[in-house]
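Here is the structure we will look at.
The values are calculated or read from the model by the stated rules, or taken from the named source; none is laboratory data. The shown structure was predicted, so the numbers you read here are calculated from the model rather than taken from an experiment. Every residue, glycine among them, receives a Cβ derived from its backbone with ideal geometry; neighbour counts consider all protein chains shown. Ligands, DNA and RNA are excluded from the accessible area calculation, which covers all protein heavy atoms including side chains. Shrake-Rupley method; radii C 1.70, N 1.55, O 1.52, S 1.80 Å.
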Amino acid sequence: MNAPATLPGQHRLAIAGMNCASCVGHVERALCAVPGVITAQVNLATEQAEIQTDADVDRARLVQAVEEAGYEVPLAQVELVIEGMTCASCVGRVERALRAVPGVVSAHVNLATEGASITGQAEPSRLIAAVEAVGFDARPHRAQMPGDSASDRRDAEAGALRRDVIIAGALTLPVFVLEMGAHMIPGLHHLIEDTIGMQTNWLIQFVLTSLVLAIPGLRFYVHGFPALLRGAPDMNSLVAVGTGAAYAYSMVATFAPGLLPAGTVNVYYEAAAVIVTLILVGRYLEARAKGRSSQAIQRLLGLQVRTARVRRDGAFVDLPIDAVGLGDEIELRPGDRVPVDGEVIDGKSYIDESMITGEPVPVAKTAGAEVVGGTVNQTGALVFRATAVGGDTMLAQIIRMVETAQGSKLPIQALVDRVTMWFVPAVIAVALITFGIWLGFGPAPALTFALVNAVAVLIIACPCAMGLATPTSIMVGTGRGAELGVLFRKGEALQRLRDARIVAFDKTGTLTEGAPRLTDLKVIEGVARDAVLAQIAAVEAKSEHPIARAIVEAAEAKGLPRAPVTEFESLTGFGVTARVDGAQVEIGADRYMVRLGHDLAPFAETSERLASEGKSPLYAAVDGRLAAIIAVADPIKDTTPAAIRALHDMGLSVAMVTGDNARTAHAIARQLGIDEVVAEVLPDGKVAAVRALRETHGKLAFVGDGINDAPALAEADVGIAIGTGTDIAIEAADVVLISGALKGVPSAIALSRATLRNIKQNLFWAFAYNTALIPVAAGVLWPAFGILLSPIFAAGAMALSSVFVLTNALRLRGWTPPATRDAEART
């Protein structure tokens, strides 16, 4: 949740622990006692304090006053948009500035999302000021709607870069032809000398290169040199120093050649111009790739609608979505997108929920059914009552989860952060050493060699690739997961899930449907199936037991009439008996039938099968004659067997943790091929079961859906909640399966593996690139092979390095779950 912005002299604090008006008074008096506080108003309902001050009162002092009064100020989370970052060094600089603000507990900055997440008690205004002090722009992040500033800003950035690339290219091409063409084509060299002359040639190059550096290339200098002066150089600093050195040397050669040693009067205008142009091309491609990497969140934002047809004064009118309140009745016409979450009160239709759940089959909706904002109505018309609006809708929560996951850092990022903190200063040091060695020990003209190689070192170094390697993969991976109905609430879950060795499932509601149903009904020859079901249901309707309720629901689903019941009697430990429309009906366990003198041999085979499936059979006799055997059970979900097989195919062990008796639990485990069963576990024993399984097998993921699963979900290395389960379970989980289909479990694990593999590929490239090519740029191959790397090629390599990382991350957009690949292979 974003901390609200406050005006200077105004503070807003969340207060926890208040439970009456007396608490309000205590807090208000404590705050008013702080020097500089004018007024303090505390609201018990909202648990907020509004404080007005006449001086720059430190927020930490207000927090201290509340805590000394015996109450708590929960840590606030502030989300900022950071503009102007270009590489991993920028990220490190912003993070250090934010962490230095008093009251900040933690700060994480993400280059790919261009966002910062700060936890603590610091005012947003102070955080923004800290970011601006190190040379970047910052503003509070706000919830987005389609077409909002985030995507607009990216589009504008890409557009500006495209314009600058065109300008730089048009100005650089003549410079390149005049200088490099003269070197490569002897006839062109003579033509230039015979027509305009070499000095005029250099003057033309000077003018065109000055325009390149002053117009499209200005961004590198206005950010790079100030950062260098602050002692915190970044990618812009490397470009600014490298191109600036080449440009300055060329100016001396053009206008004051006498200052240079004999044989070193050369110009490098084309190097400065081409470097700027190529890096701008790289930035443009990078901006476009970044836009594609965030398309998943943009698609989710695109599901939000701006208006809804709401009942007002007996008629439906179009209103802005912000005007829709809880309880409002909303009309949904064919083809409309559902504006908010709600419950159908009239009408019948099918709704396409694939964009939320990933399930392709439209779902039937009638009175009492739930509808989810962002889904699409098909051919029918509906009226529904709003049950969640604004930030409380499922779509808004999904967007928040995805944004949070995309902005988080994985443990693997810690090494990258440590390296990039010193990377740019180290590159500058290497460039200076390169310059010194070539100047002191290089062949003539030593100054020329020293300059060219030092510039090549500065230009080829690419902290951008290091900074983008992890966050872009997280962005694309979590976005792809959201498209498939798998929500990573925390980015770290991606890495922890990859390491899981065993997946433990709760049984009821997770592996099974969660409600008992009539699964088996077999009758004696000559007995009508529907007739005996109607008689059994009529008797069971007198009971509130879940098994009885399941039998009644099965009869109702068939539309069977319920006959009158008399002489109902319950026989504890045996069963029930009653008269149904004059017929004597007896229902109970096998011991009841034996007591009544019935021979159970006709159902012996069926009884054996039911026992092997973990079901307890019931028998029914009508008018003194054995009539039927029935079984009620919590049926296994259709998607469960395939999910268990997929997990085994991935090399994972599977366990089931349940409160059911051991016989039933082991029977279900045999059906599904589950490796390990922990049965007869009380709700408070699930945590101990998770710990025991982890000690035996290693890293563990737990899948559950109920309130009693929340402790186990929190205890597991990764908690996976079924999206159709309780809010408490979802809050305790790291990953949420929106549709409730268990195929999402192997999909989530496979996606985490693919994402981590992608991150490692990116990091290998980023580190290998810099490790290999910086020495080459410094001239390490010259003594043995006579090979030097031109600054122009260095610029091209650097630009392509970032593009490679982004393009590799974007491959995750086409990732398909194992089940989908298997289905495609079979067809």
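Do you know which residues across region 535-550 are aliphatic (A, V, I, L, M), modelled with pLDDT of 90 or more and touching a strand residue (DSSP E or B) at 6+ places or on another chain (Cβ under 8 Å)? Steps first, answer last, please.
Residues of region 535-550 that are aliphatic (A, V, I, L, M), as a first pass: 536-539, 541, 547-548, 550.
Then keep just the ones that are modelled with pLDDT of 90 or more; that gives 536-539.
Listed by number, the residues that qualify are I536, A538, V539.
Starting from residues that are open to solvent by 50 Å² or more (accessible area, probe 1.4 Å) and either touching a Phe, Trp or Tyr at 6+ places or on another chain (Cβ under 8 Å) or touching a residue at least 24 places away in the same chain (Cβ under 8 Å) (or both), keep the ones in region 660-669 and report whichever is nearest to D709 (Cα to Cα). Per the stated criteria, the residue is H666. Here V265 fulfils each of the conditions (1) farther than 21 Å from M180 by Cβ; (2) among the aliphatic types (A, V, I, L, M); (3) assigned to a loop (DSSP other than H, G, I, E, B); (4) open to solvent by 30 Å² or more (accessible area, probe 1.4 Å) apart from (1).
Which residue pairs have Cβ atoms closer than 7 Å, lie 6 or more positions apart in sequence or on different chains, and pair a first residue in region 310-334 that is at negative phi and in contact (Cβ under 8 Å) with a residue 24 or more places away in the chain with a second residue that is open to solvent by 50 Å² or more (accessible area, probe 1.4 Å) and of a type in the set (G, A, S)? Correct list of pairs: L332/A381; R333/A381; P334/A381.
From the list D634, D660, D623, the one residue that fits, being closer than 27 Å to A528 by Cα, modelled with pLDDT under 90 and not hydroxyl-bearing (S, T, Y), is D634.
Yes/no matrix, rows are residues, columns are (1) closer than 27 Å to P711 by Cα; (2) touching a residue at least 60 places away in the same chain (Cβ under 8 Å); (3) acidic (D, E):
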site	(1), (2), (3)
A450	no, no, no
M475	no, yes, no
E483	no, yes, yes
V486	yes, yes, no
T510	yes, yes, no
P516	yes, yes, no
A534	no, no, no
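Evaluating G103 against the criteria (1) surrounded by 17 or more Cβ atoms within 10 Å (Cβ to Cβ); (2) without any contact (Cβ under 8 Å) to a residue 24 or more places away in the chain; (3) among the small types (G, A, S) leaves one unmet condition, (2).
Just one of the listed residues (S237, S210, S250) is modelled with pLDDT of 85 or more and crowded, with 18+ Cβ neighbours inside 10 Å, namely S250.
Among the candidates R163, R219, which residue alone is of a type in the set (K, R), closer than 24 Å to G84 by Cβ, in a helix (DSSP H, G or I) and at pLDDT 90 or above? It would help to see each step written out before you state the result.
Details: R219 fails: at pLDDT 90 or above.
Just one listed residue meets the conditions, R163.
Inside region 75-126, can you point out the residues that are in a strand (DSSP E or B) and aliphatic (A, V, I, L, M)? Even if it seems obvious, please write down each step before you answer.
Narrowing region 75-126 to residues in a strand (DSSP E or B): 76-83, 104-110, 115-120.
Those that are in a strand (DSSP E or B) and aliphatic (A, V, I, L, M): A76, V78, L80, V81, I82, V104, V105, A107, V109, A116, I118.
Exactly one residue among V372, V363 is at pLDDT 80 or above, over 30 Å from N266 (Cβ atoms) and either among the aromatic types (F, W, Y) or surrounded by fewer than 22 Cβ atoms within 10 Å (Cβ to Cβ) (or both), and that residue is V363.
Note on region 651-677: residues that are among the polar types (S, T, N, Q) and over 33 Å from the mean Cα position of the chain (by Cα) amount to 3.
Is it the case that region 571-580 has a residue that's in contact (Cβ under 8 Å) with a residue 24 or more places away in the chain, outside any helix (DSSP H, G or I) and open to solvent by 30 Å² or more (accessible area, probe 1.4 Å)? No, every residue in region 571-580 fails to be in contact (Cβ under 8 Å) with a residue 24 or more places away in the chain, outside any helix (DSSP H, G or I) and open to solvent by 30 Å² or more (accessible area, probe 1.4 Å).
For region 503-517, filtered to residues that are hydrophobic (A, V, I, L, M, F, W, C) and buried (at least 22 other Cβ atoms within 10 Å of the Cβ), the residue that is farthest from the chain's Cα centre (by Cα) is L511. Sort out which residues of region 595-625 are open to solvent by 30 Å² or more (accessible area, probe 1.4 Å), without any contact (Cβ under 8 Å) to a residue 60 or more places away in the chain and under 13 Å from A667 (Cβ atoms), and write them in order of number. Within region 595-625, E608, R609, A611, S612, E613, S616 qualify.
In region 677-693, what count of residues is obtained for those that are charged (D, E, K, R) and in contact (Cβ under 8 Å) with a residue 40 or more places away in the chain?
Start the filter on region 677-693 by keeping residues that are charged (D, E, K, R), which leaves 680, 684, 686, 691.
So of that shortlist, the ones also in contact (Cβ under 8 Å) with a residue 40 or more places away in the chain come out as 686.
Number of matching residues: 1.
Among the residues of region 703-714, is any modelled with pLDDT of 90 or more, open to solvent by less than 50 Å² (accessible area, probe 1.4 Å) and in contact with a strand residue (DSSP E or B) (Cβ under 8 Å, 6 or more places away or on another chain)? Checked region 703-714: at least one residue is modelled with pLDDT of 90 or more, open to solvent by less than 50 Å² (accessible area, probe 1.4 Å) and in contact with a strand residue (DSSP E or B) (Cβ under 8 Å, 6 or more places away or on another chain).
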